[in-house]
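The values are calculated or read from the model by the stated rules, or taken from the named source; none is laboratory data. Because the structure is predicted, anything quoted here is derived from the model rather than measured. Every residue, glycine as well, gets a Cβ built from its backbone with ideal geometry; the counts of neighbours run over all protein chains shown. With ligands, DNA and RNA removed, areas are computed over all heavy atoms of the protein, side chains included. Shrake-Rupley method; radii C 1.70, N 1.55, O 1.52, S 1.80 Å.
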Amino acid sequence: MLKTLIQKTISSKPAKVKVNTDGLDLSNMPQHIAIIMDGNGRWAKSRGGVRTLGHKAGVDSLKTIIKAADSLGIKVLTAYVFSTENWRRPLPEVQFLMKLISHNLSIQLQEMKENNVQVRFAGSRDENPPIVNERMDHAIEETKYNTGIILNLAINYGGQAEILHAVKAIARQVADGALNIEDINASVFEDNLYSKGLPAPDLLIRTGGDLRISNFLLWQIAYSEIWTTPVLWPDFTPDLLVEAIKAYQNRERRFGGLVQK
Ligand code: IPE
Ligand code: IPE
Ligand code: MG
């Protein structure tokens, strides 16, 4: 009885991460932050460990950053978990990653619910092990009415595959007579992307030091501000998230127009 009461008390208090917001302009926060969480393998190697150790540490890092983003009032966080090209890795690493994904979708769900996180996904289901898809569906179902931060996990995601997926869906609507070619516009196109209903990322972060997009959100990042750091993903901290947001706040977003001075 007492044990249950204590557990209830503990679990009813969502864990908060302390974030130092000194110097942040809280009236100019990015709504949507997308992150290419790169560098897990190198992080593990630098510690003399196997790559999979880095992926485990990467999960801890993501958990912290979700809480930090939430307490900063970020509305959407998209995290690149597994790309359509990551199947090219050695089978044991791919199998480990799929197990890590399905395991965490299951064990983190309760905390996501308590923290009012709404979980969504981007990516193709076709190649995933069935258990991953089942847990994705379960996480969507269990968190769909949550009103806190939207955690959009990109799993078996590729920007090119997403665009092709949208093109096929639109072509089908045209072939069925449900859509006129003349009516295809950016908004119709976006309605056929995995990110339907989400704003475009304001800020794109890449850890691990590489200066490339690696097939992430090709359509959506048209006008995202890009910030990179050589810091490897398991070493990424809430302070670095704040640093990225400060850099974002010092950018001049013109969207092709001119800023009135
Ligand atoms: C990112 O870390 C995680 C995934 C791509 C799944 P990496 O595994 O790419 O780590 P590095 O880039 O090899 O260090
Ligand atoms: C991008 O990292 C994919 C994820 C972070 C899930 P990669 O390690 O796969 O990218 P490349 O191969 O260095 O471009
Ligand atoms: Mg990498």
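One table, with the values for the structure above:
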{"read-out": "Distance (nanometres) between label positions extended 7 Å along Cα→Cβ at A169 and S106", "value": "2.9 nm"}
{"read-out": "Carbon/sulfur fraction of accessible area - the chain, other protein chains in place, 1.4 Å, %", "value": "54 percent"}
{"read-out": "Å² per residue, accessible surface of the chain at 1.4 Å", "value": "55 Å²"}
{"read-out": "Rounded to whole Hz, the Karplus (6.51, -1.76, 1.60) HN-Hα couplings of segment 161-169, x for glycine and proline", "value": "4, 5, 5, 4, 4, 5, 4, 5, 4"}
{"read-out": "Relative contact order for the chain, counting Cα pairs under 8 Å that sit 6 or more residues apart, in percent", "value": "27 percent"}
{"read-out": "Reduced Cα scattering model of segment 110-235, Debye log10 I(q)/I(0), q = 0.14, 0.16, 0.17 Å⁻¹", "value": "-0.78, -0.99, -1.09"}
{"read-out": "Trypsin sites (Lys or Arg not before Pro) restricted to DSSP loop in segment 100-197 with at most 11 other C-beta within 10 Å", "value": "K144, K196"}
{"read-out": "Estimated FRET transfer efficiency (V50, V188; beta-carbon r; R0 41 Å; 0.05)", "value": "0.35"}
{"read-out": "Label-to-label distance, nm, for residues given as N133 and Q31 (7 Å Cα→Cβ offset)", "value": "3.2 nm"}
{"read-out": "Rounded, prolate or oblate (a/c below 1.5 giving rounded, otherwise prolate when a/b exceeds b/c) for segment 90-180 by Cα gyration tensor", "value": "oblate"}
